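A.B. asks: Quick one: the structure is below, questions incoming.
The values are calculated or read from the model by the stated rules, or taken from the named source; none is laboratory data. None of the values given here were measured: they were computed from a predicted structure. Heads up, the Cβs are rebuilt from the backbone with ideal geometry, glycines too, and the neighbour counts pull from every protein chain shown.
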Amino acid sequence: MRKDKRPTIAIMAGNAESEYFNQLIAGFRNCAKEEDVNLVFLMGPHIPRYCKDILAGSFSWDYEYQFHTVYEYVRYIQPDALIVAYGSLSHFTKYVPDVDEFVARFKGIPTLVLGDSVEDPDVPHLIGGNYSGMKECVRHLVEDHGYRKIAFVGGPKRNYDSNRRMSAYKDVLIEHGIEVDEGMIVHGNYNEFVDAEVEYLLDTYPDLEAIVFANDTMAKAGYRVCAKRDLRVGHDIAITGFDDGDIAKALEPALSSVAHSGYLFSYRAIQAALALCDGTQPRSEEMKAYFNKRESCGCTFALNEKCQIVSMEALREHVAERVEVIVDELFSTIPYEKDKSEYRAWLSEFLDETIQMVFDQKVEESDKEIFYRNLKKMCQHPFVSKRFLLEYVQKVMLELIEYTKDTTQQSQLNAILRFTRRYVHNQEVSALQEANTDISRKMWFVPSFTADLINAKLDMREQMAYILGRLKAMGIKSSYLFFCMEEVNHKLGEEFRAPDSIYLTAYYNEQEMICYTPKELVKVDYNGDGVSKFLPQDKARFYSTFVISSGEEQYGLLMVEADQKDYSFVLTSCMQLGTLRRIINMNIRERQMQRELEEKNRILSMISMNDELTKLLNRRGFMEKALRLMGANKGKKVCMVFADVDHLKEINDSFGHAAGDFAIISAANYLRENLPKDAVIARLGGDEYVALFIAEECCKEQAVFNIKSYAKNFNVNSDKPFYVEMSVGAYEFVCDGTVELAELFKKSDEVLYEQKQSRRTSVKKI
């Protein structure tokens, strides 16, 4: 890595819908910000399962595989290091191969694997404490509660994390002499839609005592199914999870879960990737995990401890201890000591001001600003749940109420508690309303891409400007559109190879917006700095990359600088852009086909209306164009010329058919060269010709004279052993709508009779 260049780390990730994945991204982004590193996420999102019923019968579901080809485009990023979050990729077993095969594709890029290990010793890995954490959990169920009928709900069968957790589950059962019943082991996909699997376990094993879930999200289904069956979690059946995120604490009763912080995991991954950037090989390691016991496994806890405080000094010490416990719990997954210290100071000040107001009477009750200040700071921290903050603060306030016997003080404490509840609630409502408003706005943005651009008659540059403008209006900080020169066709089951080159079509950032014309597109290939050369270098930035596709066709990439909450909108925008590009391509192909068809029709029309030998009109062509000329010139004098080649049979018999063709072509030229340019001239067949023109500049006598004179000069200068001469007659009439061409043809013999009488007896030159 160049020392004068900010490192760029590419991250291949899968399911952006899960809570754990959100923790991963938060850790990646915050560590990268702290370390001044650029991140480029290669997102392989899938259509959420909760949309399956809506999309039933939709072809969109059939082409989900296209999203996961985004990983092949990492070569255009040219990252200094690559993090493969294979644990999230293994959800998509149909599209992502074995980890060793997958990582081998990107040989040459310093790579770290998350959630699995590879055989290549040059590729370090970082895995969670799946085995140790789950072992502690199952041991607790067996040893502390005496459960023996324990089922396991795992993740995908090929998922490393899930298999390690399952191994721990089995090993603990074997250690305690409990037979492993494979029927008690089922698999989900790490999402909450495993109701059918839980129903199966409860139906098949009615005496089931506990269900161990491989993550917290699937445990939600366990709660839901048990509620339908009137089974009380923590009493009638025990349930445990894995990850210990907000879901675990929010469930009722609280979920006993293995603490495995995605935030800490990704934070450590960035540190390891930076070592790779510097040319240092980080060691592979397994992170620790801990089992947190709560009510869902059958454990019981006192809601509030009796406060045995006899002095204000002791009270303050007790509150200070509570602050430490609360902050440690709230920041258990956040590794930043600075944030933790600031939050500790805000909470301490809030509770100290409460004590001063109620017990010391140093603060006026009416002065609520002192509470606003710190509550506002605490509620605005991005990674601390407002709900859990309130839960912990309430416990302290209830302890203070329990401590004092003074009704006035109790009333004051209750007032502060009500104020705190109301403030936190309003903050949550305000955030929810803001989020709903934002979602509503974007729901109109996304579908409008295709509709507006189809309806608007814009060239390519204008289209790109419109698209970028819509993305900017959605709140996307910056956007880069890369298109393939030609669409890439990729069918399900076929190996995908990214095109040799992609082209920057348009982009915007804080400094500028550029939209290129088709001739100005900037080529990007595997060499050099990749796409990073187009990115601002003023600070660390975090980009996410999505494939633009429709059906079996891929068109390029959309790279955006966006918040996590906007990923779903960006994904659906990509789908709209893919649809738009498909429609544009279809229109282009349709126009091309139309042009080709028109050209073919023109050729066919020419063939059907023209004489092949002379290139003059044939009878059909003459009839059509002559009628058109007569219809457009009513009231005008028109001249019709009839002609035939003299002694054509003699020429054919004496000199061959090539000589006959020469005579036919030469006669056609006589007419072509000596009649007005707009004259309608045709070969009726054999040696017969006809012409029609407006007799304004050229009368019939002049026309006949010009043709005869031209023929005479031609024959004088010709080296052929025969004459090419024509009998020519002309007839003039006024276009009044009563004259019919069929009648005029009948006059041809009459008009030519006199001319034929004076022709030479032989065409041979002596």
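A.B. asks: Can you find a residue that is buried (at least 16 other Cβ atoms within 10 Å of the Cβ), of a type in the set (Gly, Ala, Ser) and more than 16 Å from Asp236 (Cα to Cα) anywhere in segment 140-158?
C.D. replies: Checked segment 140-158: at least one residue is buried (at least 16 other Cβ atoms within 10 Å of the Cβ), of a type in the set (Gly, Ala, Ser) and more than 16 Å from Asp236 (Cα to Cα).
A.B. asks: Go through segment 32-63 and count every residue that is at pLDDT below 85, surrounded by 17 or more Cβ atoms within 10 Å (Cβ to Cβ) and assigned to a helix (DSSP H, G or I).
C.D. replies: Selection size over segment 32-63: 1.
A.B. asks: Also, I was wondering about something else. Would you mention how many residues in segment 207-238 are touching a strand residue (DSSP E or B) at 6+ places or on another chain (Cβ under 7 Å) and not β-branched (Val, Ile, Thr)?
C.D. replies: The number of residues fulfilling the criteria is 14.
A.B. asks: Moving on to the next point. Tell me, yes or no, whether segment 472-479 has at least one residue that is on the phi > 0 side of the Ramachandran plot, outside the structural domain of Gln380 (by TED's automatic domain parsing) and in contact (Cβ under 8 Å) with a residue 40 or more places away in the chain.
C.D. replies: yes
A.B. asks: Would you pick out the residues in segment 420-449 that are at pLDDT 75 or above and not polar (S, T, N, Q)?
C.D. replies: Matches in segment 420-449: Arg421, Arg422, Tyr423, Val424, His425, Glu428, Val429, Ala431, Glu434.
A.B. asks: Given the condition over 31 Å from the mean Cα position of the chain (by Cα), of a type in the set (Gly, Ala, Ser) and surrounded by fewer than 24 Cβ atoms within 10 Å (Cβ to Cβ), answer yes or no: does some residue in segment 256-268 qualify?
C.D. replies: There is at least one residue in segment 256-268 that is over 31 Å from the mean Cα position of the chain (by Cα), of a type in the set (Gly, Ala, Ser) and surrounded by fewer than 24 Cβ atoms within 10 Å (Cβ to Cβ).
A.B. asks: Just give me the residues in segment 653-681 being basic (Lys, Arg) and in contact (Cβ under 8 Å) with a residue 24 or more places away in the chain, in sequence order.
C.D. replies: Arg672, the sole residue that qualifies.
A.B. asks: A further question on this structure: Given the criteria surrounded by 14 or more Cβ atoms within 10 Å (Cβ to Cβ) and modelled with pLDDT under 85, does Gly528 qualify?
C.D. replies: For Gly528, the condition - surrounded by 14 or more Cβ atoms within 10 Å (Cβ to Cβ) and modelled with pLDDT under 85 - is not met.
A.B. asks: In addition: Given the criteria outside any strand (DSSP E or B), more than 29 Å from Gln23 (Cα to Cα) and more than 14 Å from the chain's Cα centre (by Cα), does Ile584 qualify?
C.D. replies: Yes: the conditions hold for Ile584.
A.B. asks: Just need a number here: residues in segment 677-689 that are in a loop (DSSP other than H, G, I, E, B) and exposed (fewer than 15 other Cβ atoms within 10 Å of the Cβ).
C.D. replies: So the count comes out to 3.
A.B. asks: Find the residue count for segment 409-425, including only residues that are of a type in the set (A, V, I, L, M, F, W, C) and either outside any helix (DSSP H, G or I) or closer than 16 Å to Phe388 by Cα (or both).
C.D. replies: Result for segment 409-425: 2.
A.B. asks: Do you know which residues across segment 714-766 are among the hydroxyl-bearing types (Ser, Thr, Tyr), surrounded by 15 or more Cβ atoms within 10 Å (Cβ to Cβ) and in a helix (DSSP H, G or I)?
C.D. replies: Ser748
A.B. asks: Here's a follow-up. Just for segment 573-619: of the residues that are surrounded by fewer than 21 Cβ atoms within 10 Å (Cβ to Cβ) and of a type in the set (Ser, Thr, Tyr), which one is modelled with the highest pLDDT?
C.D. replies: So, considering only residues that are surrounded by fewer than 21 Cβ atoms within 10 Å (Cβ to Cβ) and of a type in the set (Ser, Thr, Tyr), the one modelled with the highest pLDDT is Thr579.
A.B. asks: Among the candidates Val638, Val570, which residue alone is of a type in the set (Val, Ile, Thr), surrounded by 13 or more Cβ atoms within 10 Å (Cβ to Cβ), touching a residue at least 60 places away in the same chain (Cβ under 8 Å) and more than 30 Å from Gln66 (Cα to Cα)?
C.D. replies: Going through Val638, Val570 in turn, just one is of a type in the set (Val, Ile, Thr), surrounded by 13 or more Cβ atoms within 10 Å (Cβ to Cβ), touching a residue at least 60 places away in the same chain (Cβ under 8 Å) and more than 30 Å from Gln66 (Cα to Cα): Val638.
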